[in-house]
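Working notes, beginning with the structure itself.
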Amino acid sequence: MDVENVFHMTGGVGVTSYANNSSLQKKASDIVKHITMGTIQELFLTTTPKSLGIADLGCSSGPNTLTIIKDIVEAVERTSRKILHPPPEFRVYLNDLPTNDFNSIFKALPEFHRELKKEKNGGCPFIFIGGYAGSFYGRLFPNNSLHFIYSSYSLHWLSRVPPGLKDEQERSINKGHIYISESSPPQVSQAYFKQFQEDFNLFLRSRSDELVVGGQMVLILLGRKGQDHVDRGNSFLWELLSLSFAKLVSEGEVDEEKLDSYDAHFYAPSKNEIEDEVRKEGSFGLDQLEMFEIEREDKDGVSYGTAVAMAVRAIQESMICHHFGERVLDNLFYNYGRMLDEEMAKEEIKPVSFALVLRKLK
């Protein structure tokens, strides 16, 4: 499957849109906001550029996109006032894959600028915002054009479904599952890990060319606690989605061969794997690596399972539609939400996330 031209968050502002189902991502961003703001403030203090280049990689669409940019701008302005230094102009590059709903972002820009001016009584720094479509697994920007890179919940998505998940007859070696599971042969986790190594190395090399010396990155991504790929966290969420598909197969709604030919382009790395890849690539120092969990939060009238199912649907809908067709979506995610609630009643499901701060070395 051509991930770059198919994968995108569900656009618009409808019931199943990412804009209306990304509160978990916002909550995670808020949990590590002190890290993000502390990093950009320190960066400005040590460099004081007249023109500050900022990129948000995997920006998606919806309210979260411009909220983080507003927070960054205000943090830099506060710092500039403290040191009695003129604020910089801001060059903001919003990046995502070509099928992302960039139009929603552009439509929100006038209100974004109005709010900033209103809060500052008409005075506002120059902020130049543009959309840059393309995969961040490769070069996106000119050499030494950026000071700060932010990426939230994007780097666990691989550039492609890993090769090596089929045998010589092109049959799945991970039948009935769409990600690493307890019954997966060792070759499956090996294929996923190899693809992560290849992608993350290319990401780091590309960003090293684009950042100035001393430039910094804050990266937030899903991961896992230990070396075991299977846990009651992110891998378990994929296993429940596999079981939801299996139910549709048993009911005749999905062909079994169709399910066996579908695999997630996802990988949840461990802390050690991240550290090893940063060290091997060599362009960055890892200033900080924090692991955190998002506490369960029940919405009024909506079960936790339903809320998570809607969030996953907003992310995975494009890929599932492309492979299985749109007609499976409602039943699939109804089953998924119900299974999540049943499992949560037995024992908590605790996906972990990492927040990384990296600094470009000389």
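The values are calculated or read from the model by the stated rules, or taken from the named source; none is laboratory data. These figures come from a predicted structure and were not determined experimentally. Ideal geometry is used to build each Cβ from the backbone, glycine not excepted, and the neighbour counts take in all protein chains shown. Quick note on the areas: whole protein, heavy atoms, side chains included, nothing else; ligands and nucleic acids left out. Shrake-Rupley method; radii C 1.70, N 1.55, O 1.52, S 1.80 Å.
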(message) Using only the Cα atoms of the chain, what are the Rg and Dmax in Å?
(response) 20.8, 68
(message) Translational diffusion coefficient of region 101-211 at 20 °C, 1.002 mPa s, Stokes-Einstein with Kirkwood Rh over Cα pairs, in µm²/s as a whole number.
(response) 120
(request) Output the antiparallel fraction of DSSP beta bridges having both residues in region 81-192, as a percent to the nearest 5. (result) 10
(request) Mind running the shape call on region 244-346? Use the C-alpha gyration tensor, a ≥ b ≥ c as the square roots of the eigenvalues: rounded below 1.5 for a/c, prolate if a/b tops b/c, oblate otherwise. (result) oblate
(request) Return the FRET efficiency for the residue pair residue 287, residue 33: r is the Cβ-Cβ distance, R0 is 25 Å, and the value is rounded to the nearest 0.05. (result) 0.90
(request) May I ask which of 166/362; 247/271; 175/271 have a Cα-Cα span longer than 31 Å here? (result) 166/362; 247/271
(request) Give the carbon-plus-sulfur fraction of the accessible surface of the chain in %, rounded to a whole number; probe 1.4 Å, heavy atoms of protein chains only. (result) 51
(message) Whole-Hz ³J(HN,Hα) for each residue in region 244-258, computed from phi via Karplus 6.51 cos²θ - 1.76 cosθ + 1.60 with θ = phi - 60°, x for glycine and proline: what do you get?
(response) 5, 5, 4, 5, 5, 5, 5, 8, x, 7, 10, 6, 4, 5, 5
(request) Work out from phi, with θ = phi - 60° and the Karplus expression 6.51 cos²θ - 1.76 cosθ + 1.60, the ³J(HN,Hα) of each residue of region 200-206, listed in order in whole Hz, and give x for Gly and Pro. (result) 5, 4, 5, 4, 5, 4, 5
(request) Any chance you could run the full-extension gain for residue 194 through residue 78? It's 0.36 nm times the residue separation minus the Cα-Cα distance, nm to one decimal. (result) 37.5 nm
(message) How far apart, in nanometres, would the label points at residue 275 and residue 111 be if each is projected 7 angstrom from Cα along the Cα-to-Cβ direction?
(response) 4.4
(request) Would you mind getting the Kirkwood hydrodynamic radius of region 20-159 from its Cα pairs, rounded to one decimal in Å? (result) 15.7
(message) Nearest 5 percent is fine: what portion of the DSSP beta bridges confined to the chain is antiparallel?
(response) 45
(request) Kindly report, to the nearest 10 Å², the accessible surface of residue 48 as traced by a 1.4 Å probe over protein heavy atoms only. (result) 50
(request) Return the distance in nm (one decimal) between the two label points of a simple spin-label model at residue 300 and residue 166, each offset 7 Å from Cα along Cα→Cβ. (result) 5.1
(message) Give me the dipole magnitude in Debye, nearest 20, for the chain about the Cα centre, with unit charges on the beta carbon: positive for Lys and Arg, negative for Asp and Glu.
(response) 1680
(message) Keeping every protein chain present and rolling a 1.4 Å probe, give me the accessible area per residue for the chain in Å².
(response) 45
(message) Is there a quick way to get the dipole size of region 94-139? I mean about its Cα centre, with the Cβ of Lys and Arg at +1 and of Asp and Glu at -1; what is the value in debye to the nearest 20?
(response) 180
(message) Need one number: nm distance between label points at residue 187 and residue 6, each 7 Å from Cα along Cα→Cβ, rounded to one decimal.
(response) 2.2
